[in-house]
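Every read-out reported here was derived from the displayed coordinates using simple, explicitly stated rules and does not represent laboratory data. A quick note: this is a predicted structure, and the numbers were derived from the prediction, not measured. Cβ: placed from backbone, ideal geometry, glycine included. Neighbour counts: every protein chain shown.
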Amino acid sequence: MRRIKKPVARRGDSQTSWDAAKSVTSLRVSQQAIYSLIERYGPMTDEEIQRKLVLPMSPSGARTRRKELVAKNLVRDSGLKGITSSGRKTIKWEVVIDDAGDEVCGDRRFFLGDR
C-alpha cells in the first residue's frame, strides 16, 4: 500500500488538474480508502463501500468521508442507482474523470484492500 507524497499531474495539464492533484495530498487515510474502493470496483453505493472497507469505520463515518470526497470534486453521482438492504433506491458513486478521460486523482496511488 502506497500513499501520495506529492501532487501528481503531467507538465502539460491545466491548472485545475494541478489543483486537484494538490488536494489529493491532503486526503486522510479513511478518505483514501474510500476513493480507492470506488476507483477499483467502479460505481458503488454507500452500503457497498461500507461492506468492502478494510478500515474499521461506522456506516455514518464512511458516508461522511464519501461526502467529503464529493465536496473535493473527487467523487460524484454516477447517475446509476443501487438498492439498499431495506429495498430503497440509492446513488452509486464514481470517481471524477477529467476532460482528458483521466481520473482526477491519478493512477491508483491510494490504499487498496483485497476484500
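What to note about this one:
- Close amide H pairs (under 5 Å, H built 1.01 Å from N) link Leu80 with Lys92, residues at least 5 positions away or on another chain.
- R0 of 22 Å, Cβ-Cβ distance Ile83-Ser60: FRET efficiency to nearest 0.05: 0.65
- Listed values for segment 72-82 are Karplus-derived 3J(HN,Hα) couplings in whole Hz (6.51 cos²θ - 1.76 cosθ + 1.60, θ = phi - 60°), namely 7, 6, 9, 9, 8, 5, 7, x, 8, 10, x, and x replaces Gly and Pro.
- On full extension, the segment bounded by Val96 and Thr16 gains 27.5 nm, given 0.36 nm per residue less the C-alpha separation.
- Environment charge at Arg28 (Cβ cut-off 9 Å; Lys +1, Arg +1, Asp -1, Glu -1): 0
- Overall Cα dimensions of segment 15-95, principal axis frame, Å, largest first: 42, 28, 19
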